[in-house]
Amino acid sequence: MPLTNVRVGLVGACGRMGTLIIRRVLATEGMEIASAFDIVNIGKDIGDVVGAGALGVPVSDSADLAAVLKESRTDVLIDFTIAKATAVNAPAAASAGVNLIIGTTGLSAEQKTAITDAVIKNNVAAVISSNYSIGVGVFFKLIRDAAGYLGDEYDVEIVEAHHNQKKDAPSGTAMTAAEIISKAMGGKDIVCGREGVCPRGKEIGVHSIRGGDIVGDHTVMFIGNSERIEIRHQAHSREIFVGGAVMAAKWVVSQKKGVVYGMEDVLS
Ligand SMILES: NC(=O)c1ccc[n+]([C@@H]2O[C@H](COP(=O)([O-])OP(=O)(O)OC[C@H]3O[C@@H](n4cnc5c(N)ncnc54)[C@H](O)[C@@H]3O)[C@@H](O)[C@H]2O)c1
């Protein structure tokens, strides 16, 4: 048993995910909230903002990230914001010697590479995952296995659906699923949406639906002549991501440094 609590910081602390993660950290033995960052509610007590009662931790401007992380002795920073914010805040946290849990989706390959470089250079540990749900970990394994069994004669289409406030498309989970299948099938192009004259080739098609309060649905279709296999994951509540992200935060602080892990490492 560790003698001291894991001290957790949140970027995007006042958002949908940030609020739920703070409440979960407060309910988790061996963890405490050390710092909170957002671009709204600056100076307010984050406990009051998330409805948990005053914690004595003010919401800080992420412009002051490195200084506040050091002053608050934050061990691990959890980031659920938007890609352009994570691209700035994650390297800044790494250079302050703070471990990272990144949940933000829509990061470009260049942004991911820059974050990975900062993790290695500053010798911290990080988990980056487009989906912290344990069920999605199993879903990824099932689609990898199916893609390995099925040959090139099966067309692959991925359909994802999310709430009408989601900013990026396709979802990070749909892109991860497409990348897993492409790799398992020996390399395939990934095409997001179709319009106009676009005869089907050997690509993996990815399609996005946005509406209402859908938490997150992902369906992978392997479509052959005369048959079709569909593998589907449906999130009923954001709590599935919250539990995984908090589990990853507790896990990452004692892992080998200079490494970017995935959720499969946490689960294994
Ligand atoms: N990996 C996963 O399992 C998973 C699960 C759910 C959501 N997400 C992703 O997490 C991200 C956040 O989702 P959400 O539903 O909580 O969004 P949200 O819009 O409710 O919250 C985002 C928060 O980030 C804040 N923010 C924006 N720019 C900032 C900056 N520069 N510095 C500090 N804070 C900033 C916003 O003010 C807001 O409070 C999205 O990218 C979403 O796709 C990932």
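Each value in this text was obtained by applying a stated rule to the coordinates, not by laboratory testing. Small disclaimer: the values here were computed from a predicted structure and weren't measured. FYI the Cβ positions are ideal-geometry reconstructions off the backbone, even for glycines, and counts take in every protein chain you see.
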(request) State to the nearest 20 debye the size of the charge dipole of the stretch 1-129 about its Cα centre, where the only charges are +1 on K and R beta carbons and -1 on D and E beta carbons. (result) 180 debye
(request) Counting only C-alpha contacts under 8 Å and six or more residues apart, can you give the relative contact order of the stretch 134-235 as a whole percent? (result) 39 percent
(request) Using per-residue counts of other Cβ atoms within 10 Å, averaged over each peptide, order 166-172, 211-217, 190-196 from highest down. (result) 166-172, 211-217, 190-196
(request) Please give the helix 239-252 orientation as an angle from the longest Cα principal axis of the chain, in degrees from 0 to 90, rounded to the nearest 10. (result) 60 degrees
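What number, rounded to the nearest 500 deg cm²/dmol, is the helix-based mean residue ellipticity at 222 nm of the chain, given -39500 (n - 2.57) per DSSP H run of at least four residues and division by all its residues?
-10500 deg cm²/dmol
Which number comes out as Rg/Rh for the stretch 24-169 once both Rg and the Kirkwood Rh are worked out on C-alpha atoms?
On the way: Rg = 18.3 Å, Rh = 17.5 Å.
Expressed as Rg/Rh, it is 1.04.
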(request) Can you bin the stretch 134-235 into rounded, prolate or oblate? Criterion: square roots of the alpha carbon gyration tensor eigenvalues sorted a ≥ b ≥ c, rounded for a/c under 1.5, prolate for a/b above b/c, oblate for the rest. (result) oblate
(message) Can you find, among Ser133, His233, Ile22, the residue sitting farthest towards the positive end of the charge dipole of the chain, where Lys and Arg contribute +1 and Asp and Glu -1 at Cβ?
(response) Ile22
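Trypsin sites (Lys or Arg not before Pro), restricted to the stretch 69-151: which are DSSP loop and have at most 15 other Cβ atoms within 10 Å? Kindly include the intermediate steps, with their values, before the conclusion.
Working: sites: Lys70, Arg73, Lys84, Lys112, Lys121, Lys141, Arg144; in loops: Arg73.
The qualifying sites are Arg73.
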(message) If you average the C-alpha positions of the stretch 73-126 and of the stretch 215-229 separately, how far apart do those two centres end up, in angstrom?
(response) 34 Å
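Which GluC sites (Glu not before Pro) in the stretch 225-268 pass both tests, a DSSP loop state and at most 13 other beta-carbon atoms within 10 Å?
Glu227
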(message) Sorting check: for 175-183, 44-52, which peptide has the highest mean count of neighbouring beta carbons within 10 Å, and how do the rest follow?
(response) 175-183, 44-52
(request) State to the nearest 20 debye the size of the charge dipole of the chain about its Cα centre, where the only charges are +1 on K and R beta carbons and -1 on D and E beta carbons. (result) 360 debye
(message) Using the Cα centre of the chain as origin and beta-carbon charges of +1 (Lys, Arg) and -1 (Asp, Glu), tell me which of Phe80, Pro58, Ala248 is placed farthest towards the positive end of the dipole.
(response) Pro58
(message) Kirkwood Rh over alpha-carbon pairs of the stretch 7-72, then Stokes-Einstein at 4 °C and 1.567 mPa s: what D in µm² s⁻¹, rounded to an integer?
(response) 113 µm²/s
(message) Using +1 at the C-beta of Lys and Arg and -1 at the C-beta of Asp and Glu, which of Gln111, Leu150, Thr173 has the Cα lying farthest in the positive direction of the dipole of the stretch 60-214?
(response) Gln111
(request) Scan the stretch 87-172 for GluC sites (Glu not before Pro) in coil per DSSP, keeping those whose Cβ has at most 14 other Cβ atoms within 10 Å, and list them by number. (result) Glu153
(request) Please work out the C-alpha center-to-center distance from the stretch 250-268 to the stretch 159-187 and express it in whole Å. (result) 23 Å
(request) With N set to the residue count of the chain, report its C-alpha Rg divided by 2.2 N^0.38 Å to two decimal places. (result) 1.06
